[in-house]
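Input: a single structure, listed below in structure tokens.
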Amino acid sequence: MLIQKNKNLIKLGLIVTFVCAHQPVMDMAPRWKGGYGFQIRYERFPSYHSLQRGDTKPYHYQNNYYLEGVYTLNRSKRITFKLPYHVVSYHKSDSISNYNSIGDLIVAIPLKKYSNLKRRTQNFGFTPQIRIPVNDRTNIASGHHGLGISLSYSSESFKFYQLYDVFYWRYHDQDPLIGLDINLGIHPYHDNAANRGVFIIWDITSRYKIHNKVILTGPVVMSYHQNIMVRFALRVPILEKENVNQLSKALYTSMGIGVVF
Amino acid sequence: MQSIDIIKIVKKGSLILILFSFVGAQTIELNKKIITIKRHEVLIEVRGLVCSFCAMGLQGGLSSLKNIEPNKFNAGVFVDVEHQYVIIAEKDNYYINIEEVLEMITGSGYEVASIYTNRTGEKIEIWNVNTKE
């Protein structure tokens, strides 16, 4: 019984590694010297069927809570951290397995080279990252040392926003991960006097491991007012290929609130 | 009947022209927007200022400079990210230090494209950004 439970949890662990992969946090703020901020984010991956068997009986709910922080040395140099807490529930027939754990700490140093163009800016980014386990247990998403690197390009005008970010993670005990994130957004509303507005972004998230290929896509809505921002995202899988038995990710939802000073 | 309408149109047109001339002396066109610069206001066109978080950073930095009138705008500073400019309100009979403004903006990673002041309330002065004069 215990062995079966652990097998189930290991399968789920493959999913969690996708979730933890991306950095940096709060890519948009703060952009001033000495600025800092925090963000609390919640995300949920419900899954209803096995990718290989087409079986609708087993399903799971994976909830991740993140505490994210950022310190801005100047507009081009920042330090970020991300600390997850995972709550996973796996249901099969009459058995339910639960697993709660603090995840691995991810620290990154996003470095950006900005160009101020006529009515828009662009930047090329380079981000070294490190993943550090904070507890002794190696299980679902915790206990995996890793080193990552990210290369990005972003362009922004008052009306439009675009980001392309390709990254690579190497772990000491599992297959490496390659990812590509694309964000294409518009900025339909902004009030100068109150400094509030809305971004609407289309997100494409792709992850590749030796036995895993996943592409998720969907909209992101981000609203801000002065130093507070709220973000809500939906994503659906448009490609899921898996050689090892794994569950589909179904509809992904995420929401977060951040504050910068 | 027709001649009365024409007279009305001419009168309206003259009034608009007079108003436009009066305001025009205190206005500039920047990135397709007509902007009025009042007495004790400094307008700075900033390259790279395209987002609200850039606005927050500049607003915070500029409002801490000397001789800013904190009761105008948002702590003395108005930021327009759509048209990429900042207006700073000066205290009566005090001038802000333009060199400090330049250093603050460029030190934050942005570029100053142009600066306009209206210190007499009668005429807009255009500053030479390169020589800071």
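The values are calculated or read from the model by the stated rules, or taken from the named source; none is laboratory data. These numbers were taken from a predicted model, which means no experiment stands behind them. We place every Cβ from the backbone using ideal geometry, glycine too, and count neighbours over all the protein chains shown.
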| request: Scan (1) modelled with pLDDT of 90 or more; (2) surrounded by fewer than 18 Cβ atoms within 10 Å (Cβ to Cβ) for the single condition A:Asp55 breaks and write down its number. | output: (1)
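What about A:Val214, is it hydrophobic (A, V, I, L, M, F, W, C), modelled with pLDDT under 90 and assigned to a strand (DSSP E or B)?
Values: hydrophobic (A, V, I, L, M, F, W, C): yes; modelled with pLDDT under 90: yes; assigned to a strand (DSSP E or B): yes.
Judged against the criteria, A:Val214 is a match.
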| request: Quickly run through the range A:79-95 and pick out the residues that are farther than 30 Å from A:Phe158 by Cβ and assigned to a strand (DSSP E or B). | output: A:Phe81, A:Leu83, A:Pro84, A:Tyr85, A:His86, A:Val87, A:Val88, A:Ser89, A:Tyr90, A:His91, A:Lys92, A:Ser95
| query | Restricted to the range A:153-203, and to residues that are among the small types (Gly, Ala, Ser) and outside any strand (DSSP E or B), which residue is farthest from A:Phe232 (Cα to Cα)? | reply | A:Ala193
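Let's see how each residue does on (1) over 20 Å from the mean Cα position of the chain (by Cα); (2) more than 14 Å from chain B (Cβ to nearest Cβ):
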site: A:Gly185; (1), (2): no, no
site: A:Ala194; (1), (2): yes, no
site: A:Thr205; (1), (2): no, yes
site: A:Asn212; (1), (2): no, yes
site: A:Gly218; (1), (2): no, yes
site: A:Val221; (1), (2): no, yes
site: A:Leu234; (1), (2): no, yes
| Qualifying positions in the range A:239-261 - modelled with pLDDT of 90 or more and away from chain B (no Cβ under 14 Å) | A:Thr253, A:Ser254, A:Met255, A:Gly256, A:Ile257
| Cβ-Cβ below 7 Å, separation at least six or inter-chain, first residue in the range B:103-125 and closer than 18 Å to B:Cys51 by Cα, second polar (S, T, N, Q): which pairs? | B:Gly109/A:Asn74; B:Gly109/A:Ser76; B:Tyr110/A:Asn116; B:Glu111/A:Asn116; B:Val112/B:Thr106
| Which residue out of A:Met229, A:Met222 is in contact (Cβ under 8 Å) with a residue 24 or more places away in the chain, closer than 20 Å to A:Leu83 by Cα and aliphatic (A, V, I, L, M)? | A:Met229
| message | in contact with a Lys or Arg (Cβ under 7 Å, 6 or more places away or on another chain), away from every other protein chain (no Cβ under 14 Å) and surrounded by fewer than 19 Cβ atoms within 10 Å (Cβ to Cβ): is that true of B:Ile126 in this structure? | response | no
| task | Please verify whether the range B:73-87 includes one or more residues that are within 14 Å of chain A (Cβ to nearest Cβ) and polar (S, T, N, Q). | result | yes
| request: Would you check if B:Ser114 is under 12 Å from the mean Cα position of the chain (by Cα) and small (Gly, Ala, Ser)? | output: yes
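Could you identify the single residue in B:Glu29, B:Glu69, B:Glu41, B:Glu100 that is free of Cβ contacts under 8 Å to residues at least 40 places away in the same chain, crowded, with 18+ Cβ neighbours inside 10 Å and more than 21 Å from A:Tyr189 (Cα to Cα)?
Values: B:Glu29 fails: crowded, with 18+ Cβ neighbours inside 10 Å; B:Glu41 fails: free of Cβ contacts under 8 Å to residues at least 40 places away in the same chain; B:Glu100 fails: crowded, with 18+ Cβ neighbours inside 10 Å.
Answer to the check: B:Glu69.
Just to be sure before I move on: is B:Glu45 modelled with pLDDT of 95 or more and either under 23 Å from A:Ser157 (Cβ atoms) or in contact with a Leu (Cβ under 7 Å, 6 or more places away or on another chain) (or both) in the structure I sent? Give the derivation first.
Details: modelled with pLDDT of 95 or more: yes; either under 23 Å from A:Ser157 (Cβ atoms) or in contact with a Leu (Cβ under 7 Å, 6 or more places away or on another chain) (or both): yes.
When the stated conditions are applied, B:Glu45 passes them.
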| Which of (1) closer than 22 Å to A:Ser76 by Cα; (2) away from every other protein chain (no Cβ under 14 Å); (3) in contact with a Phe, Trp or Tyr (Cβ under 8 Å, 6 or more places away or on another chain); (4) not β-branched (Val, Ile, Thr) does B:Glu100 not meet, given it meets every other one? | (3)
